[in-house]
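Computed from the coordinates by the stated procedures, all read-outs in this text should not be read as laboratory data. Here the structure is a predicted model, which is why all the values come from computation and not from measurement. Glycine also receives a Cβ, built like all others from the backbone with ideal geometry; neighbour counts cover every protein chain displayed.
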Amino acid sequence: MAEGLFITLEGIDGVGKSTQAQLLVEYFTEKGCNVVHTFEPGGTKLGQSIRRMLLDPENQQLAPVTEILLYAADRAQHVAEVIQPALAQGKVVVCERYIDSSVAYQGYGLGLSVDMIAAVNKLATDGLEPNLTICLDAEPETALARVGGDRIEKRALSYYERVRAGFLSIAAQNPQRVIVVSAEGLETEVAQRVQRSVVGRLAQ
Ligand code: TYD
């Protein structure tokens, strides 16, 4: 089976993941690679329904464990339907958010067991891990100023501080996979940092 390249972008809401993912896709496309740009939650048709449930401001009563299982269900479908088939065809997959988001938001943010989240996600993804993760990092105040107000974004600033700390500790625990890139400054500057990090790591 041919092996592709699986790259994820992570970070708190408003750090500019979508823009940077798009620029990375353009970079790989120009290099002649076959690239798939995808995201979670909602990277499949079924996932779009799950995404609506998760982000609906009316679902304030969602139990934390329900939340983790819905994200994992979205991810399971996404891996089976989009990510794994693309990797099997040797493609580059650029994915906005993956397991690290569940660990950071539901684990560090909501206080659910990180071991439980890891176990649920191992089942959901059949153990598929990214080759490389770019963690875009910014102060919650800066990042949140860019986004509106769905259910999750309405949570308190202290929640986003815990989530950010979560991403940074995931990066510290997985230095061979995760690179932290500052998301502060101009989009073009951030893009240069991202590209340099990716190229540098792939050359190793
Ligand atoms: P996303 O569409 O990436 O939002 P944004 O573009 O604003 O960053 O993700 C939607 C929300 O879902 C976001 O607040 C992060 C949250 N989320 C989790 O809490 N756990 C997860 O496992 C994932 C994938 C996302």
GNM flexibility winner over the chain from 95, 135, 33 (Cα, springs under 10 Å): 33
Electrostatic dipole magnitude of the stretch 1-40 [Cβ: Lys, Arg +1; Asp, Glu -1; Cα centre; debye, to 20]: 100
Dipole of the stretch 53-203, positive end: most advanced residue of 160, 83, 197 [Cβ charges, Cα centre]: 197
For residue 36, distant residues with modelled amide H under 5 Å away: 92, 93, 94
Cα centroid separation, the stretch 1-47 to the stretch 73-107 (Å): 10
In Hz, Karplus ³J(HN,Hα) per residue of the stretch 60-69 (6.51, -1.76, 1.60; θ = phi - 60°; x = Gly, Pro): 5, 8, 4, 5, x, 6, 5, 4, 5, 6
Cα-centred dipole magnitude for the chain, charges only on beta-carbon of K, R (+1) and D, E (-1), debye, nearest 20: 220
Share of alpha-carbon pairs per 10 Å distance bin for the chain, given as whole %: 9, 36, 39, 15, 1
Packing-based exposure ordering (other Cβ within 10 Å, fewest first) of 108, 27: 27, 108
Positive dipole terminus of the stretch 1-158, leading residue within 112, 49, 32 (C-beta point charges): 49
